[in-house]
Each structure stands twice: as C-alpha cells, then as structure tokens.
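Following: one structure in structure tokens, then a few remarks.
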Amino acid sequence: MSMSFFECVMRPKLKLFILISLAVPIVVSSSNLSFDTTNSNTTINDRAVDIIKGNRPLRPGTKRQSSLKKQSRLLSLFTIVKFDNEPCYSSSGDSGICMTSTECYQHRGVPIGSCANSYGVCCLSLSTCGQTIRENGTYFVNAGYPEGLNNTGTCQVTIHKLSPYICQFRLDFERFSITGPEPVNHQCDNDQFIVSGSNPVPVICGLNTGSHMYVDAGTGTSPIILTMVTSGIFLKRNWKIKVSQIPCDSITKADTGCLQYYTGVSGTLKSFNYEPSSGLHLSNQDYTICLRTERNFCSVQYSACDDQMNNRSHAFTLTGNTLGQNPVQANVGSVGSSPCNSDYLIIPCVSSKQGPVASGMNTCVDRLCGGTLNTDYSTMPTTVMSKKV
C-alpha cells in the first residue's frame, strides 16, 4: 500500500485517477432540486470560453488555462444522485415515500427501509390529532398508534394541497375499527368518521378496513378536515388512513361525484361496515360507486359473493329481514307490488343474465333491493348485467 501511494505522489499523471476514485455523492430528491439541462452537452472549458470573450484568447501554459483544467478535475470529485419522491414499501408491507433522510426528519417521518439504491430512505409519515397533513402518502392514525384508543373525544387532522394542481384526495382505510351503528335504525350515534370541507360525504362507522373514499379537493386553498369521534371506553379503536393527493391530470383521478372508484376487469364492491356475521348496513348513505370502463369491455356482470358465515347468503341484504336465516325475496324497480323506495342499489339498466326481468316488466330495471340479488321476484340469487358503462 505504501509503494502504491508513493508512486501516485511521484507520478502526477496518476493524480487524476486518484481524484476520480474518491468521488463523493451528493444526494438530492427531485422535489428539492431542478437542473437546467439546456447546455448539458457543453463542457466546463466551453463554458469558460463563452464567458471569456473578446480578443483575449487563452495561451497555452497560462495560469488561467491551468486553473480551468484544475477546475474540470476537481468537479469530478462530486456525483449528484437524483431520485423521484415515489411510493416505496417496507418488508412489513407499510408504504411510504422515497426521500432523503434529512427530508424524512423534516417531515417528522419514520424511516422504514431504504430506496433509490440505498441513497434514500422509505419514509413513513404519520399524523395524529391536531396535526396538519401537507405531504403525499401521509397516514392519519389514532393517538398512541399502533396501540388501540380507548376513550371519549375528538381527533382531527387538517389536509392541505401540496400544489394548486391537486384535484382529489384518496383515503385508503388500511385499518379502520371503531364502534358500529346502534342496532335499531343502524345510525352512527356513538363513534363517527366525518369528512368536512368538501363535497358531501356520508358519516360512517364500524369496520371499514380495506375500503376507500375519494374526496374533492376543490379549486381554492381551503383545507379538508378529517374528524374521528369516539364515545365510550368499552372498545379499543384503531385506525390508519392513508392520504394520497391526486393531480388533476392523473390517470388515477376519479370521475366527478364518485365517492369510490374501482379500476381493472374484476373486483369486489362492499358497502361500508360490511361484515357477514354482525355487520349492519349504515343508515343515511347516499353516494356513488364508479367503475372505470376498461379497454375492449362493454358490459359489467355482478354476482353476490360467497358467504360461509350464514345459512343463507347475507352478501346482498338491503330490505326485509336482513338478519334472519330464511330466504328473503328480491325486489326491483320504483313501482309494482314490492317497490324499492327506502333502501336500494341503483345499477343503470341492469338485467338478469339467465332470463326475463321482473316477470314481464321492462327489459331492464334500475333499482334492486330485498334480500336476494336478482332482477326478478325470486329468492334465488343470480348474476345480473349492465351494459351502461
């Protein structure tokens, strides 16, 4: 080792090799630094010539030329590493945003792994009662998370747009367990989750892990308020809600008026607080679920999901004795002997895949209710179809 070092000192032509091999990376994320690349193909010496104009050509061997050569060598000491603030994931499945360790500390985040070839950290940003959310991918969690919350009170966070070009907020309920509705009218009289400052969003409660909401961000700078109301000390509540900011030109942006938005050629739709054994359909719910039309598809089929918890399926139970184990007839339409005028599901011009619609009524109906998914007055569930996509 001493001989190699001695040779490098004695032979100046090797000095450049030593300097390059000791390059120091400067790590920045794309949110903090921008580059002017209009002259990216221009060398250091070219730029120097542009600056030194007039009748003052550089002569070989001058001090200025030597200085420029030294600058070009010294600049190779630094390597700028730039990466985007993109979603990242830890080994446990938690999602965060890739950023520098300094940014993560500034955002009061917690590093949960590495990203960008270990130049960045996967930063999990958590906000709880009384705090403000300004960053994409931040989680709204209960006080004391991951431990449960067992008290009476109100917990609020305020969401601000990270830029004027944000049109929507998506709320993903990765954990959502609070007290359910009262058993008579199925209203959220105890615990409540409330979204204010946006388009009307129904109040929900109960078990909603895996569900989501899209919230209109508006055109101004007014914030959105998320409020969790807890009442009573007999249940440990637990919530972890991911807040994603959706740009106006994003392909993930939902259509106007959609509280929920699904993509892909298949999936599962659930009402809030759906749980086969004890879940109750919430009262005062009036919202729209949207399905994106996928390329080369022109219709949608719907069928009730399997229910292994009950003697008869509770996968579609809107009116009638929804808690019983005996079959409950399907009802359709807004007129007729058993109309759907209280609780109902609207699917535009839906018809049965197997046969006629409601015993001689129109070729399709728009309202479905009762205790069985069918477009006819039947207690046998069937697959229904709509071509209004």
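The values are calculated or read from the model by the stated rules, or taken from the named source; none is laboratory data. Treat the numbers as computed from the prediction; the structure is a model and nothing was measured. Reconstructed Cβ throughout: ideal geometry from the backbone, glycine too, with neighbour counts over all protein chains shown. Ligands, DNA and RNA are stripped out before the accessible areas are found, and what is left, the full protein with its side chains, is counted by its heavy atoms. Shrake-Rupley method; radii C 1.70, N 1.55, O 1.52, S 1.80 Å.
If I filter the stretch 169-191 down to residues being assigned to a loop (DSSP other than H, G, I, E, B) and aliphatic (A, V, I, L, M), which single residue comes out as modelled with the lowest pLDDT? Checked the stretch 169-191; the qualifying residue modelled with the lowest pLDDT is 184. If we scan the stretch 182-201, do we find a residue that is acidic (Asp, Glu), open to solvent by less than 60 Å² (accessible area, probe 1.4 Å) and touching a residue at least 24 places away in the same chain (Cβ under 8 Å)? Yes: one or more hits. Only helices (runs of 4 or more DSSP H) whose full extent lies in the stretch 40-119 are considered here, and the ones with at least 1 residues that are more than 21 Å from the chain's Cα centre (by Cα), modelled with pLDDT of 60 or more and more than 30 Å from residue 210 (Cβ to Cβ) are 101-106.
Select from the stretch 235-266 the residues that are over 15 Å from the mean Cα position of the chain (by Cα) and without any contact (Cβ under 8 Å) to a residue 12 or more places away in the chain and list them in ascending order. Of everything in the stretch 235-266, just one residue is over 15 Å from the mean Cα position of the chain (by Cα) and without any contact (Cβ under 8 Å) to a residue 12 or more places away in the chain, namely 266.
For the stretch 301-350, a residue qualifies if it is more than 20 Å from residue 286 (Cα to Cα), open to solvent by less than 30 Å² (accessible area, probe 1.4 Å) and more than 30 Å from the chain's Cα centre (by Cα), and the qualifying residues are 310, 312, 324, 328, 330.
Of the numbered criteria (1) in contact with a strand residue (DSSP E or B) (Cβ under 7 Å, 6 or more places away or on another chain); (2) open to solvent by 90 Å² or more (accessible area, probe 1.4 Å), the one residue 295 fails is (1).
Among the residues making up the stretch 233-262, those that are assigned to a loop (DSSP other than H, G, I, E, B) and more than 17 Å from residue 136 (Cβ to Cβ) are 233, 234, 235, 236, 255, 256, 257, 258, 259.
Consider residue 283 carefully, then state whether it is over 30 Å from residue 385 (Cα atoms) and either in contact (Cβ under 8 Å) with a residue 40 or more places away in the chain or touching a Ser or Thr at 6+ places or on another chain (Cβ under 7 Å) (or both). Spelling it out, it is not the case that residue 283 is over 30 Å from residue 385 (Cα atoms) and either in contact (Cβ under 8 Å) with a residue 40 or more places away in the chain or touching a Ser or Thr at 6+ places or on another chain (Cβ under 7 Å) (or both).
Is it fair to say residue 216 is within 16 Å of residue 139 (Cα to Cα) and touching a residue at least 24 places away in the same chain (Cβ under 8 Å)?
On the way: within 16 Å of residue 139 (Cα to Cα): no; touching a residue at least 24 places away in the same chain (Cβ under 8 Å): yes.
Taking the combined requirement at face value, the residue does not satisfy it.
For the stretch 213-220, the criterion of a residue being over 19 Å from the mean Cα position of the chain (by Cα), within 18 Å of residue 287 (Cβ to Cβ) and of a type in the set (S, T, N, Q) is satisfied by no position.
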